[in-house]
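Everything on this sheet refers to the single structure shown next.
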Amino acid sequence: IGKEAFLGCSNLTSIAIPNSVTKIEESAFRDCTGLTNVSIPESLSEIGKEAFFGCSGLTTIVIPNSVTKIEESAFRGCTGLANVTISDSLSEIGKEVFFGCSNLTSIAIPSSVTKICEGAFRDCTGLTNVSIPESLSEIRKEVFFGCSNLTSIAIPSSVTKICEGAFRDCTGLTNVTIPNSVTSIGEDAFSGCSSLSSTNIPSSITSIENGVFGGCSSLTEIIIPATVKSIGAYAFRACKSLTN
C-alpha cells in the first residue's frame with residue numbers, strides 16, 4: 001500500500017488488508033480519523049513511517065508475527081488507541097511510534113524487542129503499566145517522557161544506559177530501582193518526577209549528569225555512592241523535600 005494512499009480519508013471507518021500485502025508505506029492511512037478497525041495480515045513485514053498517524057478513532061491494533069519493525073510515528077496521535085498486542089517476532093519499536101496515544105493504559109513488550117527508539121511512548125498519559133524486557137540494553141532518549149500516570153517501573157539488569165529525559169515529567173512515578181548494571185544516567189532522566197519519593201544511585205555510576213533529579217519535589221533521601229566523582233548543574237534542583 002503506497003505512500004499517502006488513503007491520507008486524510010476521514011470518513012473511512014474500516015479496512016481489510018489482504019494477505020498479499022507485505023508493506024504499508026509512509027503515511028498510507030495518515031489522518032483517517034474515522035478509522036476504527038483495521039486488520040493487519042500475517043503477510044506484512046513492515047509498518048511504515050506515520051502509516052496510521054492521527055487515526056484517532058482506532059481503538060485496537062494487533063501486530064502479527066510477520067512484522068519485525070514498526071517505523072517512526074506509525075501510530076503517533078492515535079488518541080483512541082487503548083489496546084495494542086505486539087507479537088514475539090518484533091525486534092524494533094521506532095521513534096515516537098506511540099507518541100501521544102493517551103488512551104493506552106498498559107503494554108507488554110516482548111523479549112524479541114531489542115530496541116525502543118526515542119520518544120516511543122512519549123505523552124502516553126494514560127499508561128499505568130509497562131514491562132521492560134531483559135532484551136533491552138538501553139532506555140533511549142525521552143522514551144517515557146510525560147507518562148504522567150506511570151507509578152512504578154522495573155528496570156531490568158540488562159540495561160546499562162538510561163538516556164536523556166527517559167522518564168522526564170512522569171509525575172505519577174513514586175518509586176524506581178536502578179540496577180547495578182546501569183553505568184550511565186543521562187541529563188534530565190528523572191527531571192520533573194514530582195511524586196518520586198525514593199530511588200537509588202548504584203555504585204556503577206561515576207557521574208550524576210545535569211538535571212537528573214531536578215524538580216523531584218517529593219524526594220526525601222538519596223544516597224550518593226563514593227564512586228560518583230561529579231554532580232552536574234541542577235542535578236537536584238527544587239528537591240524541596242530532600243532532608244538527607
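Remarks
- GNM flexibility winner over the chain from E118, E50, E221 (Cα, springs under 10 Å): E221
- Qualifying aspartates and glutamates (Cα of each under 20 Å from Cα of K3; at least 8 residues distant if same chain): E25, E26, D31, E46, E50, E71, E72, E96
- For the options G126, G48, G232, a Gaussian network treatment of the chain with springs between C-alpha atoms closer than 10 Å singles out G232 as fluctuating the most.
- Dipole of the chain, positive direction: furthest Cα of G126, I178, A238, with charges on the beta-carbon: A238
- Note on A154 and L7: with the Förster distance fixed at 35 Å, the Cβ-Cβ geometry gives a FRET efficiency of about 0.35.
- Percent accessible area from carbon and sulfur atoms, the chain, protein chains only, probe 1.4 Å: 45 percent
- Candidates T36, T227, T160, ranked by Gaussian network fluctuation over the chain, Cα under 10 Å, top entry: T227
- If R0 equals 30 Å, the separation of the Cβ atoms of S111 and N180 corresponds to a calculated FRET efficiency of about 0.90.
- FRET efficiency for the pair T68 and S197, taken as 1/(1 + (r/R0)^6) with r the Cβ-Cβ distance and R0 = 25 Å, rounds to 0.05.
- Subset of K141/K240; K23/K95; K141/K229; K49/K161; K161/K240 violating a 21 Å alpha-carbon distance limit: K141/K240; K141/K229; K49/K161; K161/K240
The values are calculated or read from the model by the stated rules, or taken from the named source; none is laboratory data. What you see is a predicted model, and the numbers here were worked out from it, not measured in a lab. Don't worry about glycine lacking a Cβ; one is built from the backbone with ideal geometry, like all the others, and counts go over all protein chains shown. To get the accessible areas, we keep the full protein, side chains included, count just its heavy atoms, and leave off ligands, DNA and RNA. Shrake-Rupley method; radii C 1.70, N 1.55, O 1.52, S 1.80 Å.
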